[in-house]
Amino acid sequence: MSRIAKLALLTLVLGLISIVLQPPAPARAGIPSSGLKALAPISEGNLTVFPVVTDSIHDTSGFLTLDEGLQSGEVVVSEAGRAGLLRPRRNGDLHPELIFTPGDGAEVNRLVLVNHSSRPLILLAGEIVTGGKQDRVVAQDRIVPAKSGAVDLGVFCVEPHRWTPRGEFVSKNAPIAQPSVRREVMVQRDQERVWARVGGVLGGVAAAAPAPAAAELRATSSYAAAMENHDVRDKLRQLTAPIEHSYRKLQDQLHAQKAVGVVAAVNGEIIWADIFPSPELFDAYWPKLVLSYAAEAVTTEKVAAYADTKQAQAFLDDWQGSRSKSESEEGVYRSTEIAGNGFAAFRLTSLAPHTGFDVHDAKMAQ
């Protein structure tokens, strides 16, 4: 072997040794952004939303939303102490009847849900069900299998001071809690902090409302009832109506570009992103989401500042975190939480046969 060849071989061996001995790079936790792109903003007052498009979508027609399930009767939610047996299906029945047991084992942070539907049910953290002994908010994103039977549902109360029955649980088209409440529910997971945040919101809307409405708002401890107050709804519509009008004008274009979500900013600060795997699923949640963002804007002191598309895109691109954790239900779903630099992100992935795709991404600024 020539001297030059020997030197080349020695250089190669030393290079390989240095690679082997080099300490590994610090592990990074993250989830890919899937080619997400933020479009030009739609703004009104101190609220700005950026439609988000993608290069990849999935068929979500096989899933059921909570609103659809409750309105059709295929989904039943009850206090934990009242869910009993299911009467067997009889000829002509759409679904079996839930038979309630006597006694009262109701718990603040626990409800029972039954999905009678032949479709799996998507639950999003922040969705509010009203009724029962207190209004509750769903604690985490999850999927409930089709024909599920009784399932324990983790929740937080968003109506302190009431513990008396008020009919069966329902879900109106409006209530997904505003981002600051959702953040306490998803990240802090502490009932006292949820109550404190709800109290702050109620105090803020009461202070900004005209006298008759202010008295009504101070008399309720229900977040959902406050958001349904006539004067509060008027304030919300002042923000949402122009944004929804602009969105409808762009809807055909947005569908052609595969719009699957939105980034929201208040007072020029990016606060939240909600991303779905299909335009159809995003459309199903859009009216609730825009109201939740508007509620955050209405209950935040207005500042003359605006976010731009570059900021929204940077928020979409950064999914790398210092740590992550996952939990899953085999064959149903996996939930992944990422703690990043200045943000927290949550991804819900369907594990059902013929799916395996992400159903919802929620990312919030910290």
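The values are calculated or read from the model by the stated rules, or taken from the named source; none is laboratory data. Note that this is a predicted model, so its numbers are computed, not measured. All Cβ positions, glycine included, derive from the backbone under ideal geometry; neighbour counts span all protein chains shown.
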- Message: Exactly one of these conditions fails for Glu330: (1) surrounded by fewer than 17 Cβ atoms within 10 Å (Cβ to Cβ); (2) over 28 Å from Ser61 (Cα atoms); (3) more than 18 Å from the chain's Cα centre (by Cα). Give me its number.
- Response: (2)
- Query: Hey, among Tyr293, Tyr247, which residue is more than 15 Å from the chain's Cα centre (by Cα), touching a residue at least 40 places away in the same chain (Cβ under 8 Å), in a helix (DSSP H, G or I) and surrounded by 15 or more Cβ atoms within 10 Å (Cβ to Cβ)?
  - Reply: Tyr247
- Only residues that are of a type in the set (Gly, Ala, Ser), surrounded by 23 or more Cβ atoms within 10 Å (Cβ to Cβ) and over 18 Å from Trp272 (Cα atoms): list them for region 108-128, please. none
- Task: Determine which single condition Glu301 fails, assuming it passes every other condition in (1) within 28 Å of Glu68 (Cβ to Cβ); (2) surrounded by fewer than 23 Cβ atoms within 10 Å (Cβ to Cβ); (3) not aromatic (Phe, Trp, Tyr).
- Result: (1)
- For helices (runs of 4 or more DSSP H) lying entirely in region 127-225, having 3 or more residues that are in the same structural domain as Phe276 (by TED's automatic domain parsing) and of a type in the set (A, V, I, L, M) picks out none
- Options Ala284, Ala345: the member that is touching a residue at least 12 places away in the same chain (Cβ under 8 Å), assigned by TED's automatic domain parsing to the domain that holds Val53, under 15 Å from the mean Cα position of the chain (by Cα) and not in a helix (DSSP H, G or I): Ala345
- Note on the structure: Of the listed residues (Ser56, Ser78, Ser61), the one being at pLDDT 50 or above and exposed (fewer than 10 other Cβ atoms within 10 Å of the Cβ) is Ser61
- Item | Selection count where residues are surrounded by fewer than 14 Cβ atoms within 10 Å (Cβ to Cβ) and closer than 13 Å to Leu124 by Cβ, scope region 64-75 | 0
- Residue by residue through region 28-44, note down the ones that are more than 13 Å from Asp308 (Cβ to Cβ), small (Gly, Ala, Ser) and either assigned to a loop (DSSP other than H, G, I, E, B) or modelled with pLDDT of 95 or more (or both). Ser33, Ser34, Gly35
